[in-house]
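These notes are about the structure you will find just below.
The values are calculated or read from the model by the stated rules, or taken from the named source; none is laboratory data. Just so you know, these numbers come straight off a predicted model, no measurement behind them. Cβ placement follows ideal geometry from the backbone for every residue including glycine, while neighbour counts extend to all protein chains displayed. Each accessible area value is taken on the protein alone, full model and side chains, heavy atoms only, with ligands, DNA and RNA left out. Shrake-Rupley method; radii C 1.70, N 1.55, O 1.52, S 1.80 Å.
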Amino acid sequence: MTITIALSKGRIFEETLPLLNAAGITPLDDPESSRKLILATNRADVRLIIVRASDVPTYVQYGAADLGVAGKDVLNEHGGTGLYQPLDLNIARCRMMVAVRDDFDYESAVRQGARLRVATKYVQAAREHFAAKGVHVDLIKLYGSMELAPLVGLSDAIVDLVSSGNTLKANHLKAVEAISVISSRLVVNQASLKLKRVAIQPMLDAFAQAVKMSAGD
Ligand code: PRT
Ligand code: MG
């Protein structure tokens, strides 16, 4: 019985490593230097697959991976169909925010009931946020580099993730609203959890224990 875990390169892989170690799993390759998309681990029955961050829920939903780690942002856009989400791993933390150009008066635009053009990768989250506020928006779907959109007149505002705030600052943008706090979740294929419970449950327990330890209690 092989267990396949889907991860994305970069911060998710790096911040999941200590949790994998706590569960006795060590990858035999580094995805940053290896071109392999399937990584063996010290355990013959556990392998990792490296996919785009936004593709993690899809691999797990269809059972191509049994487990995965995905940001709440990604899970919200995906919808979560077929996924069991037992654990907030409390990693890759950031905030989803509305941002505009430094010189844009967002408050008065909202107060005047202006129709705002909002560029974002997070169309679902943006739609929900502005609908709840009663603000009319035209959403423009982008796949990255949202920060550019207000600078070249594509949009009035963006909805993006912010951690240090340096990217906004470097592009003369300011955050004007917080939408939600984001962290990454463990996701599990619902059928895998039933059929491979003997192998998966100890991993879930080890992850939960490691998360608890890193929270300092
Ligand atoms: O890069 P790719 O298009 O493949 O996908 P991705 O950008 O979704 O993947 P990745 O690895 O960059 O992010 C994976 C997950 O990390 C996201 O789904 C989030 O849940 C989480 N995360 C945490 C972040 C950030 N912090 C973050 N700061 N994801 C992206 N960013 C970006 C943000 O979009 C902005 O462009 O970093 C920039 C802002 O950072 P600061 O530090 O300048 O504020
Ligand atoms: Mg990225």
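Brief remarks on what is shown
- Once the convex hull of all Cα atoms in the stretch 34-144 is built, its volume per residue stands at 154 Å³.
- The stretch 40-83 and the stretch 136-151 have Cα centres spaced 27 Å apart.
- Per-q log10 I(q)/I(0), the chain, q = 0.17 Å⁻¹ (Debye; single scatterer per alpha-carbon; no solvent): -1.11
- Of all DSSP beta bridges in the chain, antiparallel share, percent nearest 5: 65
- Accessible surface of the chain [probe 1.4 Å, protein heavy atoms]: carbon and sulfur percent: 50
- With Cα atoms as the point set, the stretch 94-181 shows a radius of gyration and Dmax of 11.6, 31 Å.
- Virtual spin-label span in nm between Ala44 and Ser164, 7 Å along Cα→Cβ: 4.5
- Given charges at beta-carbon only (K, R positive; D, E negative), |dipole| of the chain in Debye: 400
- Between 0 and 90°, nearest 10: helix 197-214 axis offset from the chain longest Cα axis: 60
- Two-site label geometry, Lys194 and Lys36: point separation in nm, points 7 Å out along Cα→Cβ: 3.3
- Greater than 24 Å apart at Cα, pairs in Lys72/Lys121; Lys9/Lys194; Lys36/Lys141; Lys36/Lys72: Lys9/Lys194; Lys36/Lys141; Lys36/Lys72
- Charge tally for Asn171 (other residues, Cβ to Cβ under 13 Å; Lys, Arg +1; Asp, Glu -1): -1.
- Loop-resident chymotrypsin sites (Phe, Trp or Tyr not before Pro) (DSSP state other than H, G, I, E or B) in the stretch 53-123 with no more than 11 further Cβ atoms inside 10 Å of their Cβ: Tyr62.
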